[in-house]
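Colleague: Quick one: structure below, then a few questions.
The values are calculated or read from the model by the stated rules, or taken from the named source; none is laboratory data. Everything numeric in this text was worked out from a predicted model, so none of it was measured. Glycine also receives a Cβ, built like all others from the backbone with ideal geometry; neighbour counts cover every protein chain displayed. Accessible surface is based on the protein model in full, side chains and every heavy atom, while ligands, DNA and RNA are left aside. Shrake-Rupley method; radii C 1.70, N 1.55, O 1.52, S 1.80 Å.
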Amino acid sequence: DAKTTQPPSMDCAEGRAANLPCNHSTISGNEYVYWYRQIHSQGPQYIIHGLKNNETNEMASLIITEDRKSSTLILPHATLRDTAVYYCIVRGLISSGSARQLTFGSGTQLTVLP
Amino acid sequence: DTGVSQNPRHKITKRGQNVTFRCDPISEHNRLYWYRQTLGQGPEFLTYFQNEAQLEKSRLLSDRFSAERPKGSFSTLEIQRTEQGDSAMYLCASSLGGGGVTRYTFGSGTRLTVV
């Protein structure tokens with residue numbers, strides 16, 4: 001799985017958009033970009049994933065550059081409850097029988113300020 | 001869908017004692033993973049079950065660690081002769097396997113403190 005690079009920390013004002021970058025310059029053609037977040041004292045929570053098209057769900061939007069070497073997770077209207085560590089993970093499709101566990105880096109600590 | 005349940009939430013034990021944690025995955029999920037997370041770090045993979053079979057173990061899983069998943073439902077993680085370095089959050093995750101894109105559901109973890 002390709003390695004990812006994220007800034008260690010970011011701040012965002014409550015109500016504003018939070019844009020979290022991730023670099024994955026060695027991503028291969030069949031690898032997906034996943035985002036999870038971990039709120040203090042809880043387990044990681046799935047947010048969104050994408051291959052090459054931009055994706056949006058009820059939690060966030062994922063923008064993947066055309067060359068797929070980087071992506072941005074966008075929380076459109078950040079709230080205090082969005083304060084968490086956000087993990088960007090790149091991983092290929094799993095095949096039946098293989099573990100293909102998620103490999104977490106250190107993530108980005110997002111602090112939403114009142 | 002009641003999510004992934006882990007018990008206990010917290011455990012304090014004396015060095016040298018044995019501890020056991022339990023994970024109840026989402027009922028229809030056939031894959032179950034154990035991770036360990038130390039302060040300031042992302043979760044690290046320990047082991048993986050597909051149904052009742054333990055198919056992969058990381059090098060982090062020393063001989064003092066053992067995991068089971070009898071009948072392919074709940075799983076237990078036991079640590080024998082605990083050491084202070086075992087202090088960490090132990091996370092369980094489950095997923096529905098079969099290939100393709102996979103979403104993992106994590107429990108809230110068991111925080112172990114070895115004193």
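Colleague: What are the residues in region B:104-115 that are more than 8 Å from chain A (Cβ to nearest Cβ), open to solvent by less than 50 Å² (accessible area, probe 1.4 Å) and polar (S, T, N, Q), if any?
Modeller: Selection gives B:Thr110 alone.
Colleague: Among the residues of region B:12-28, what is the count of those that are away from chain A (no Cβ under 13 Å), of a type outside the set (Val, Ile, Thr) and either surrounded by fewer than 18 Cβ atoms within 10 Å (Cβ to Cβ) or assigned to a loop (DSSP other than H, G, I, E, B) (or both)?
Modeller: Total meeting the criteria: 8.
Colleague: Can you tell me which residue within region B:47-84, out of those that are more than 15 Å from the chain's Cα centre (by Cα) and in contact (Cβ under 8 Å) with a residue 12 or more places away in the chain, is surrounded by the most Cβ atoms within 10 Å (Cβ to Cβ)?
Modeller: Selected residue: B:Thr82.
Colleague: What are the residues in region A:7-46 that are under 24 Å from B:Tyr90 (Cα atoms), assigned to a loop (DSSP other than H, G, I, E, B) and open to solvent by less than 80 Å² (accessible area, probe 1.4 Å), if any?
Modeller: Residues satisfying the conditions are A:Ile39, A:Ser41, A:Gly43, A:Pro44.
Colleague: Moving on. If I ask for residues that are out of contact with any strand residue (DSSP E or B) (no Cβ under 6 Å at 6 or more places or on another chain) and open to solvent by 70 Å² or more (accessible area, probe 1.4 Å), which ones from region A:63-82 would you list?
Modeller: The answer is A:Glu66, A:Asp67, A:Lys69, A:His77, A:Arg81.
Colleague: What are the pairs with Cβ atoms under 9 angstrom where one residue, in region A:62-84, is free of Cβ contacts under 8 Å to residues at least 24 places away in the same chain and the other, located anywhere, is open to solvent by 20 Å² or more (accessible area, probe 1.4 Å) and among the small types (Gly, Ala, Ser)? Sequence gap at least six, or different chains.
Modeller: A:Asp67/A:Ser25
Colleague: Here are some residues: A:Ala60, A:Ala2. Which one is surrounded by 15 or more Cβ atoms within 10 Å (Cβ to Cβ) and either of a type in the set (Asp, Glu) or under 23 Å from B:Ser108 (Cβ atoms) (or both)?
Modeller: None of the others qualify; the one that does is A:Ala60.
Colleague: Out of everything in region B:89-103 that is buried (at least 21 other Cβ atoms within 10 Å of the Cβ) and more than 9 Å from chain A (Cβ to nearest Cβ), what residue ends up being nearest to B:Ser5 (Cα to Cα)?
Modeller: Top of the filtered list is B:Ser94.
Colleague: Tell me which of these A:Val85 doesn't satisfy, since it passes every other one: (1) touching an Asp or Glu at 6+ places or on another chain (Cβ under 8 Å); (2) more than 21 Å from A:Thr26 (Cβ to Cβ); (3) surrounded by 17 or more Cβ atoms within 10 Å (Cβ to Cβ).
Modeller: Here A:Val85 meets the rest and fails (1).
Colleague: Restricting attention to region A:27-61, and to residues there that are free of Cβ contacts under 8 Å to residues at least 40 places away in the same chain and more than 14 Å from chain B (Cβ to nearest Cβ), which single residue is nearest to B:Arg36 (Cα to Cα)?
Modeller: Taking the candidates together, the pick is A:Ala60.
Colleague: Please go through region A:47-96 and give me each residue that is aliphatic (A, V, I, L, M) and assigned to a loop (DSSP other than H, G, I, E, B), ordered by number.
Modeller: Correct list: A:Leu51, A:Met59, A:Ala60, A:Ala78, A:Leu93.
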